[in-house]
Amino acid sequence: MSPVEPSIKSFLISDMVIQEKGTNKWSAIGIFDNIIATQFPLVYPRLALYIRLSDAEGDYDIRVEFCDDKDCVIAIFEGIRFSIPSRLHNPELGITTLNLPIQKPGKFNFKLYFNGKWVGDFPLIVEEYNKNKGKDIDYVE
């Protein structure tokens, strides 16, 4: 039986994802959808992706591509295997990235693939810090 195409229930970008050992509950710490940096190029030290699925059953090879606004692939996260025994489950997974290279401000996307088939794009906006704009948010130096 070939795997059922999953639906994405949640896709979060955060500083960290944690799965509690006793209960298997997930926590996403520091959820965000944009980064403000003081200089480019930037190497973002760490971010994590939390993904929750539904309507999935079977074995999956998962790949995530981090792409710029021209669809050029900047980084690939692959080698993730996932087995889902029944469509009654809503499986969750966390993926941690290290040293993500960002050359310039713009709109970036995390492109999610299951068994080589695209299932969705999830945006990340990267802006250059401008002290004259008056934004009062965290930024990366």
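The values are calculated or read from the model by the stated rules, or taken from the named source; none is laboratory data. Nothing here was measured: the structure is a model prediction, and the numbers come from that model. Note: ideal-geometry Cβ built from the backbone for every residue, glycine included; neighbour counts use all protein chains shown.
Annotations
- For segment 51-74, the tally of residues that are surrounded by fewer than 16 Cβ atoms within 10 Å (Cβ to Cβ), among the hydrophobic types (A, V, I, L, M, F, W, C) and either touching a residue at least 24 places away in the same chain (Cβ under 8 Å) or part of a strand (DSSP E or B) (or both) stands at 2.
- Test: D33 is in contact (Cβ under 8 Å) with a residue 60 or more places away in the chain, surrounded by fewer than 17 Cβ atoms within 10 Å (Cβ to Cβ), within 19 Å of V126 (Cα to Cα) and of a type in the set (D, E): yes
- Looking across segment 101-141, the residues that are modelled with pLDDT of 95 or more, over 22 Å from F82 (Cβ atoms) and of a type in the set (A, V, I, L, M) come down to I102, L124, I125, V126.
- Selection from segment 6-30 of residues that are surrounded by 14 or more Cβ atoms within 10 Å (Cβ to Cβ) and in a loop (DSSP other than H, G, I, E, B): P6
- Looking only at residues in segment 88-105 that are surrounded by 14 or more Cβ atoms within 10 Å (Cβ to Cβ) and over 12 Å from the mean Cα position of the chain (by Cα), the one that is nearest to E128 (Cα to Cα) is P105.
- Residue list for segment 76-86, restricted to those being of a type in the set (S, T, N, Q) and either within 16 Å of K9 (Cα to Cα) or assigned to a loop (DSSP other than H, G, I, E, B) (or both): S86
- Of all residue pairs spaced 6 or more apart or on separate chains, those with beta-carbon atoms under 7 Å, a first member in segment 87-106 that is over 30 Å from D55 (Cα atoms) and in a loop (DSSP other than H, G, I, E, B) and a second member that is modelled with pLDDT of 90 or more and among the charged types (D, E, K, R) are P105/E127; P105/E128.
- Any chance L112 is in contact (Cβ under 8 Å) with a residue 60 or more places away in the chain and within 21 Å of P3 (Cβ to Cβ): yes
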